[in-house]
Structure formats: C-alpha cells, structure tokens
Amino acid sequence: MSEYHDFIARKSQSSNDTGFDPVWMPDFLFDFQKALVEWSLRKGKAAIFADCGLGKTPMQLVWAENVVRKTNGRVLILTPLAVSAQTAQEGAKFGVEVKRSKGAVDGPGVYVTNYEQLHHFNDADFAGVVCDESGILKSFDGTTRKAITHFMRNAPYRLLCTATAAPNDYIELGTSAEALGHLGFMDMLSRFFKNARNNASLGRAWSSQGGGGPQWRFRGHAEQPFWRWVCSWARAVRKPSDIGYSDGAFRLPPLVEREHIVRAGKPRNGMLFSMPAVGLQEEREERRITLRERCEMAASLIAGTGRPAVAWCHLNPEGDMLTKLIPGAVQVSGRDSDDEKEEKFTAFAAGQTRVLVTKPIIGAWGLNWQHCSHMTTFTGHSFEQYYQSVRRFWRFGQTDTVIVDHILSEGESRVLANLHRKAEQADKMFSEMTAHINDELAIARGRRFEKEEEVPSWL
C-alpha cells in the first residue's frame, strides 16, 4: 500500500520548495506580511496575489533584500511605468537601498526599473527577479510577454505580485506558473483542462459564445487538484483574515458606484432608434457618436466637486475632449514620453494637479492615490483594467467614501452587463483560492503536532 501512496504522491502536481529560510525579517512588516514573505522565500518561486493596499511593495522589498543577503547578488524589481520611483521612495522609507536603473548595474543590491526597460538588462546578472503588478503582463503584446517570462525563468529566485490574478479566466494562471517554472502553460492545459470543442486547438480560453463562456473546461474531477496545485505556489489574500490574521486597520471605506446613461444625438447608421450594440464594431460606432455627450457628462460631474479626480478614458479623442472641457485637467497619453508620464503622475500624487485624464492601460497599475476619492469612467470590457482603476483610490489607507461614476450610452448596456459577469467570476476565483489556502494552512499547522504524544509513566 505504501508503494501505491508513493505513486500517487509522484503524480500529484505541486511545486517543490527551492528557497531558503529568511535571513532578515524587519519589524515594520505586519504579521500577515511576514507570513507571506517567509512562505515565498522558502518556496523560492512564488506568487502573492494580494489586494491593493495590503503592502505588496514592502513585502517585495524585504523578499528582495533577503535574496541579496543570502546570495550576495542582485535582484531586479520590474514595475509598471512611474512605479519604479515610488518603489525607490518606499525602499528609502523602510531602510532598503533601491537603485533605479535603465540598464546599468554595479555590485550587489536591489535594482528597480520599468518593464519597458527590460531589454537593457542581462538576465545572468540577477539572482532574483520580482515582477510587480504581474497582471499587467496580459496587457503587453506576445513578444514582450515572452521576453519577460524568459528573463524570469533564468533567475534562481522569482516572485510575482498582483492584485488581480487572471480575474476572467482561470487558465491564465498558467502564464504565471510558466514564468515561475512550475508547469508550462500547455502542460497545464493538458493535465487539468479539456477543450469544449473536443479538439487539440490551443486558442484563447474564452470565446464570444454564450456571453464569453470558456472554450476550455476542467476535466472530470480535476478542479480540486487544480486549485491544490495553484495553492502550492501562490497565495491569494483580499484581507489579512483570509490567512488567519486580524484585519485590524485593513478595512475599506464605502464604495459608491453610480451609472449615468447618455443619449446619442442620433442612432447608429441604419437604425431608426437606439439599440444595444452587438459586437466590437457596433460598440466603436456607439462610442463615436456619443463622444461629446459622454465627455460633457464626465466634465460636469468632476467640475461640481472641486476635489481631486481622475477621468478614465479608452480612446485618444475622449482624452483630448475631456482635457478641453475640464479646466486645469492634465492628460497623460501614449504620445507622452516615459519621463513625461512619470512627471505628470508624480505631480498628481503630490496634489499639484487636481484632475488627471488618462487611460487605464497607462495609469491603472501600481500607483497610490489615496488623496483622491472620485473617478469617472467610460465603461469597457476589461474587468482587470476597471478593478485596477478603482483600486488606485479605494485601497487601504483611504479615509473618504470613494465615488465611481460609470458613464455609458443607451447602446452600451451589454458592456456593463459583461463587466458585472466578470466581477462575479473574479469573486468566485478568489473564494476558491482562499478556501484552498485556508485548508492547506490548517494542514500545515496540524503537522506541528505529528510527534507521538508522550504518555506520563503514572498512567
């Protein structure tokens, strides 16, 4: 029987520990942060899916400093644009020297750069790599994403951090696993999933049929083993109590979401009256003919408060018109250089700019804007972009009620419904992950008492 159990254990898909015990654990970390850092260091190649405001930056810094002290080598922290400066500032605050670089390295230590600068670095120079806001990888093109994955796979120690791990698609967790070196994406598909079309195609996981239903589904009895495997290399935390610690001050203020429906001046081409848009082409047309109405609505909502605000948009004409309609608004667009973007983001964070106009794909990751509690958004299909947009403000440390104004046309009702469906899917995924994490932690704690009980001689 023991041989059979050994066979089952060998077939089980879990990740082995390749790390080390912490050599430095500072007091500035909260207890739950220490637990996550200790676990990820021992794992060696790990992912921390921690919600916005739970302190991913100090955890990354302590993780990186431990790798530097253990190996006497270098660690590279990859961040979204403008976040590298924020990371260096956090390092100075916590007593961890962080060197900003665009390619040059000089001696052991912690280095930080933007994803866009990765091609200037040599992967052989680093003992560890941290991928901050790793969910952003899905926003890059395939070539860039492969380059980042290849760079990380050559590092002995690796850490991924994000608040939104594959919120719409479970199997996209495979890209994280592949970057960490636990299991290739295609190997994960073959082990845990089957194609709904019953063929060997390896297309995208989600189709447009049935409101975005998956092409890939769990094999029979594979769902629980899949989550056990994910939890062997990842931790998902929305609040400290998810992993058995007190929530303490980590409580969020109210979030108020409001919907504002604007009416187009005229129906789409070929229509006698407004109808819900079907497909991307009709949605683009709907946004084109309602451009002014939507922008005027956003401008009126922002102008009336006198408080800091961000107007999120998706198209260049939207950003240009919002900037004209909102007095004093500053736009961060793709036309700006990286230095210009960083300068504008820094000015807004410092309170020098009241209203910022930008796209989620540019400014929705990694930045802390707790001084702001109002945003307008032109609703899109990407739940991850929307979630990250909201979490720039609605995060631990925010003291005011956060107001989110959704602005959409009569024809965009399906877009908002799709966003709500994805939000439910994200909640389900986190619930699954935290449930399995709690089970695993309970088992791990139970192992502390596996020693045979000593019975007093007088019994």
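The values are calculated or read from the model by the stated rules, or taken from the named source; none is laboratory data. This structure is a prediction, so every number in the text was calculated from the model and none was measured. Cβ atoms come from the backbone with ideal geometry, glycine included; neighbour counts cover every protein chain shown.
Residues that are polar (S, T, N, Q) and out of contact with any strand residue (DSSP E or B) (no Cβ under 6 Å at 6 or more places or on another chain) were ranked within the range 356-400; the one that is surrounded by the most Cβ atoms within 10 Å (Cβ to Cβ) is Q388. Quick one: would you say S101 is under 21 Å from Q385 (Cα atoms) and either surrounded by 15 or more Cβ atoms within 10 Å (Cβ to Cβ) or outside the structural domain of R42 (by TED's automatic domain parsing) (or both)? No. Taken over the range 378-401, the criterion of being in contact (Cβ under 8 Å) with a residue 24 or more places away in the chain and among the polar types (S, T, N, Q) is satisfied by T379, Q385, Q388, S389, Q398, T399, T401. As a summary of the residue check, S134 satisfies the conditions (1) at pLDDT 90 or above; (2) more than 19 Å from S337 (Cα to Cα); (3) in contact with a Cys (Cβ under 9 Å, 6 or more places away or on another chain) except for the one numbered (1).
Hey, among the residues in the range 316-352 that are of a type in the set (S, T, Y) and without any contact (Cβ under 8 Å) to a residue 40 or more places away in the chain, which one's surrounded by the most Cβ atoms within 10 Å (Cβ to Cβ)? So the residue we want is T323. Checked against (1) at pLDDT below 95; (2) more than 28 Å from D247 (Cα to Cα), T71 meets all criteria but (1).
Here's the yes/no breakdown for (1) in a helix (DSSP H, G or I); (2) in contact (Cβ under 8 Å) with a residue 40 or more places away in the chain; (3) polar (S, T, N, Q); (4) crowded, with 22+ Cβ neighbours inside 10 Å:
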| site | (1), (2), (3), (4) |
| --- | --- |
| W39 | yes, yes, no, no |
| R42 | yes, no, no, no |
| I48 | no, yes, no, yes |
| L61 | yes, yes, no, yes |
